[in-house]
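Right, one structure below, let's go through it.
The values are calculated or read from the model by the stated rules, or taken from the named source; none is laboratory data. All figures in this text were calculated on a predicted structure; none of them were measured in a lab. Every residue, glycine as well, gets a Cβ built from its backbone with ideal geometry; the counts of neighbours run over all protein chains shown. Quick note on the areas: whole protein, heavy atoms, side chains included, nothing else; ligands and nucleic acids left out. Shrake-Rupley method; radii C 1.70, N 1.55, O 1.52, S 1.80 Å.
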Amino acid sequence: MILHNCGKAFRTGIVIIIACTLSACASAPKPTSDIAVASTDVFYGTLEPFASESIYFVVTDRFVNGDPGNDQRDQGGTHPTFDVRIPGPNGESDNIGYLGGDFKGVLDNADYIHDLGFGAVWITPITDNPDEAFSGGDPVSWGSGLTDRGKTGYHGYWSDNFFKLDEHLPSPDLDFAAFTHKLREKGLQTVLDIVANHGSPAWTMPIMQPKFGKIYDAQNHLIADQANLPPEKLDPKHQPLQAFYKTTPILAQLSNIDENNPAALDYFVGAYEQWIDQGAAAFRIDAIGLTPTAYWKKFSARIRARHPGFFMFGENFDYDASKIAPYTRDEGGAITVLDFPLKQKIAQVFEHSGSDYAALEPALFLENGPYRNPYELITFYDNHDMARLNASDAGFIDAHNWLFTARGIPVIYYGSETGFMRGRAEHAGNRNYFGQQRVNAAPASRIYQQLKRIANVRRNSIALQRGLQLDVHLAGDLAVFYRVYENAGTTQTALVLLNKGDTESSIDVRDYLQAGKWRDALTSETLRVGENLHTAVAAHGVRIYLYDHALTRTDLRARLRDLMSHKAG
């Protein structure tokens, strides 16, 4: 493969490629004759149906207020819950109260999300949260972390009744079942964020507050109560209402569910089966890494006993692949995970001009990695629990071109289609209100326009959704790789060329190149390819070529067989 920039061959960083094209070097494959396709070969990264989707993630309260009638603006009394501002520098503010986002706000913008190229919406937890701001813990200040005094459960993660829908979300004739049904009519599945290992903040309150540290059942009967006691003062063996809880903390002042209590497992399985019955198509599991794998194996088995193949992914906030991978294997319930190790490298590459695509390759784990299947990992560059991507508009475009063509199931956090609050962490604007006005203005953003383009290409390409990834060149500003899917009579190969540089690049591809008729996924133009494919890739651009027949090149098929046999650790 020969790479050029504005008509001149690169002389820095890839001299070996100029001196000896990848297809001619000793370590690269030599062209071979076409052969009849072996009928026993199958090539795919994953057969998981949910891999066909890409996911748009909203903190529901912060997306759009579609129904002011459910705002509960007077709720909380002396601990108010609506519009609780945290002052910041230069007149800025963060907010730890409710701001009105609801089911109707999401549904009103379902066409916007679907047209942008997404097939699923991940919403934050929907179950009931306490009706006051928390009075314990440490006070929240601009940019602080793990501080909760004065904060409300607007985010949904502090549930007190996992069977009950929180009153801030529904509207008349729009409960959760109706919401998921109407989203499906718009071509969107619902990914429900769930919590199954902790409750609400449970101690350090100066005076006991209603619902905090408590759990209620489907009939609204109290079944657990931490009684404003620190974990070490609980007596779960002798106090029935403390039996759900462990005597060690989990995070901040949250109650810590005892994963060894069968009644606790029964409770959470029963609650979440209810929400599946009402239309949840997949689960994102909060803080999965804070509870041992054995608990999630039991949880997963119970859910999938009634709902075979139900898709779940968990959050283990750790950048070490060896620590998050066990949850993806049988020992952890075969629950895939958010790909934090790759996220770290994505930020490293796309937040900085002059970075090196090579940094991404080790985190892909395409061969002999620790995961059950790397192609089912949920790929992302930021979310509500960390600083948003701090990139230029071009950096966002490059990151999207990567996420929607490389292995994994991509997630984009609300507002990222315009670079909303870029670089901001929690309590410093990360979760600020987006609103209908910003939604309406979004199509004018270049980030939005390029995201819509590449997301819809992925929507229409089974190779990009589920294909094996064969890297040809990841270095400097350029990435070249194949995605290959051949299974059950469906065949497609995608050749992906990415340029994150500031100038156009000319690329000549020879490695593993299948001769024949290819088509441009972005323009639908066709081209006849022989020993090489020569094309120009615009600055911060992408080219994708599709081959819709079975591959016949022998060295390519041999390499794909090798990738198939080694994709799982």
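Odds and ends about this structure:
- Residue check for V106: touching a helix residue (DSSP H, G or I) at 6+ places or on another chain (Cβ under 9 Å) and part of a strand (DSSP E or B): no
- Any hit, segment 164-182, residues being more than 23 Å from G69 (Cβ to Cβ) and either among the aromatic types (F, W, Y) or open to solvent by 10 Å² or more (accessible area, probe 1.4 Å) (or both): no
- Whenever a residue of segment 70-87 is over 13 Å from P210 (Cα atoms), its partners that are part of a loop (DSSP other than H, G, I, E, B) and among the hydroxyl-bearing types (S, T, Y), lying with C-beta atoms within less than 8 angstrom and at least six residues away or across chains, give the pairs Q72/T81; T81/T152; T81/Y154; V84/T152; I86/S141.
- Annotation: of all residues in segment 243-266 being open to solvent by 40 Å² or more (accessible area, probe 1.4 Å) and part of a loop (DSSP other than H, G, I, E, B), the one that is farthest from K151 (Cα to Cα) is N260.
- Test for F283: is it in contact with a strand residue (DSSP E or B) (Cβ under 9 Å, 6 or more places away or on another chain), of a type in the set (F, W, Y) and in a loop (DSSP other than H, G, I, E, B): no
- Checking each residue in segment 292-319 for being part of a helix (DSSP H, G or I) and either at positive phi or open to solvent by less than 40 Å² (accessible area, probe 1.4 Å) (or both) picks out T293, Y295, W296, F299, S300, I303.
- Any hit, segment 139-156, residues being more than 22 Å from G429 (Cα to Cα) and not hydrophobic (A, V, I, L, M, F, W, C): no
- Comparison of A334, A358, A325 shows that the only residue that is part of a helix (DSSP H, G or I) and open to solvent by 10 Å² or more (accessible area, probe 1.4 Å) is A358.
- Selection status of T21, modelled with pLDDT of 60 or more, part of a loop (DSSP other than H, G, I, E, B) and surrounded by 14 or more Cβ atoms within 10 Å (Cβ to Cβ): no
- Unique residue being more than 13 Å from the chain's Cα centre (by Cα) and either at positive phi or surrounded by 24 or more Cβ atoms within 10 Å (Cβ to Cβ) (or both) when the list is A399, A387: A399
- Every residue from segment 231-242 that is open to solvent by 30 Å² or more (accessible area, probe 1.4 Å) and assigned to a loop (DSSP other than H, G, I, E, B): D235, P236, K237, H238, Q239
- Within segment 526-544, the set of residues being assigned to a strand (DSSP E or B), over 32 Å from the mean Cα position of the chain (by Cα) and of a type outside the set (S, T, N, Q) comprises L527, R528, V529, L533, H534.
- Tally of residues being more than 28 Å from N440 (Cβ to Cβ), assigned to a helix (DSSP H, G or I) and of a type outside the set (D, E, K, R) across segment 363-401: 4
- Of all residues in segment 278-291, none satisfies the criterion of being among the basic types (K, R) and open to solvent by 60 Å² or more (accessible area, probe 1.4 Å).
- Selected residue [of a type in the set (A, V, I, L, M) and under 18 Å from the mean Cα position of the chain (by Cα)] from A301, A294, A305, A321: A321
- Only one entry in A475, A550 is farther than 21 Å from F350 by Cβ and hydrophobic (A, V, I, L, M, F, W, C), namely A550.
- Any hit, segment 533-541, residues being open to solvent by 50 Å² or more (accessible area, probe 1.4 Å), in contact with a strand residue (DSSP E or B) (Cβ under 6 Å, 6 or more places away or on another chain) and of a type outside the set (G, A, S): yes
- Enumeration of residues in segment 330-354 that are closer than 15 Å to G314 by Cα and basic (K, R): K343
- Taken over segment 133-144, the criterion of being within 13 Å of I86 (Cα to Cα) and either touching a Pro at 6+ places or on another chain (Cβ under 8 Å) or assigned to a loop (DSSP other than H, G, I, E, B) (or both) is satisfied by V140, S141, W142, G143, S144.
- Subset of segment 183-207 [open to solvent by 10 Å² or more (accessible area, probe 1.4 Å), closer than 21 Å to I409 by Cα and assigned to a loop (DSSP other than H, G, I, E, B)]: K186, G187
- Residues of segment 109-129 that turn out to be in a strand (DSSP E or B) and more than 22 Å from F212 (Cα to Cα), as a count: 4
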